[in-house]
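K.L.:
Take this structure first; my questions come after.
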Amino acid sequence: MNIEVFKEKYDKFLELILFIMMIALATVVIMGVSFRWAGSALVWYDEVAAVQLAWLTYYGSAYAALKGGHISVPSILKSFPLGIRRILFFVSKFFIYAFFAMLTFYGFKVMYLIQGETLTTLEWVPQPFAQSVIPIASILFIISETLNFKESYQQMMEGKIVGGEE
């Protein structure tokens, strides 16, 4: 399997995960509002919706990284000569990889430290499960950055604005 086929399958995988998460979040919110309107508020609604929103945000950031859609200021990078631009590109990628490697490491460490704890309103849901989004999405972000690396570098070398921002 070549890298482009893998990237396409990875893209579809993230889209499917995000689609399922959005449907689940919408379902929980509609249920929460409906039950509250009917006078029987669900005690677990707020906590579950907050966890779902966090998961959607973290996994969505990995998808945005794959698409080159994160906030940036490309005009600053574009204003430098090509040699300096190349150095700044690699320095920025180093910091991105270092940050997400650190987030992965400490995310797993937090999961280990909170073993035995559960969600407040749903005592059968372990807290490490809810917090697993941090290291897992960080790994997905690193994969996304790696799959997008060549394209970003080529765009930078051609003087195009990385991520398609104009």
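K.L.:
Would you please name the residue that is modelled with the highest pLDDT, looking only at residues in region 123-166 that are touching a Lys or Arg at 6+ places or on another chain (Cβ under 8 Å) and part of a loop (DSSP other than H, G, I, E, B)?
P.N.:
That would be G159.
K.L.:
Condition test on F80, is it aromatic (F, W, Y), modelled with pLDDT under 90 and more than 30 Å from F19 (Cβ to Cβ)?
P.N.:
yes
K.L.:
Something else about it: Which of the residues spanning region 93-109 are loosely packed, with under 13 Cβ neighbours inside 10 Å and either of a type in the set (G, A, S) or modelled with pLDDT under 95 (or both)?
P.N.:
The answer is A98, and nothing else.
K.L.:
How about region 80-104: which of its residues are of a type in the set (K, R) and within 24 Å of the chain's Cα centre (by Cα)?
P.N.:
Across region 80-104, the qualifying residue is only K93.
K.L.:
If you take the residues of region 35-90 that are closer than 25 Å to I134 by Cβ, among the polar types (S, T, N, Q) and in contact (Cβ under 8 Å) with a residue 60 or more places away in the chain, which of them is surrounded by the fewest Cβ atoms within 10 Å (Cβ to Cβ)?
P.N.:
S72
K.L.:
Here's a follow-up. Within region 127-166, which residues are surrounded by 16 or more Cβ atoms within 10 Å (Cβ to Cβ) and farther than 30 Å from K9 by Cβ?
P.N.:
Q127
K.L.:
Being part of a helix (DSSP H, G or I) and farther than 30 Å from I3 by Cα is the filter here; which residues of region 108-122 pass it?
P.N.:
Of everything in region 108-122, those that are part of a helix (DSSP H, G or I) and farther than 30 Å from I3 by Cα turn out to be K109, V110, M111, Y112, L113.
K.L.:
Are any of the residues in region 17-34 of a type in the set (F, W, Y) and either surrounded by 15 or more Cβ atoms within 10 Å (Cβ to Cβ) or in contact (Cβ under 8 Å) with a residue 12 or more places away in the chain (or both)?
P.N.:
Checked against the condition, which is being of a type in the set (F, W, Y) and either surrounded by 15 or more Cβ atoms within 10 Å (Cβ to Cβ) or in contact (Cβ under 8 Å) with a residue 12 or more places away in the chain (or both), region 17-34 yields no hits at all.
The values are calculated or read from the model by the stated rules, or taken from the named source; none is laboratory data. What you see is a predicted model, and the numbers here were worked out from it, not measured in a lab. Neighbour counts are summed over all protein chains in view; Cβ atoms, including those assigned to glycine, are modelled from backbone coordinates with ideal geometry.
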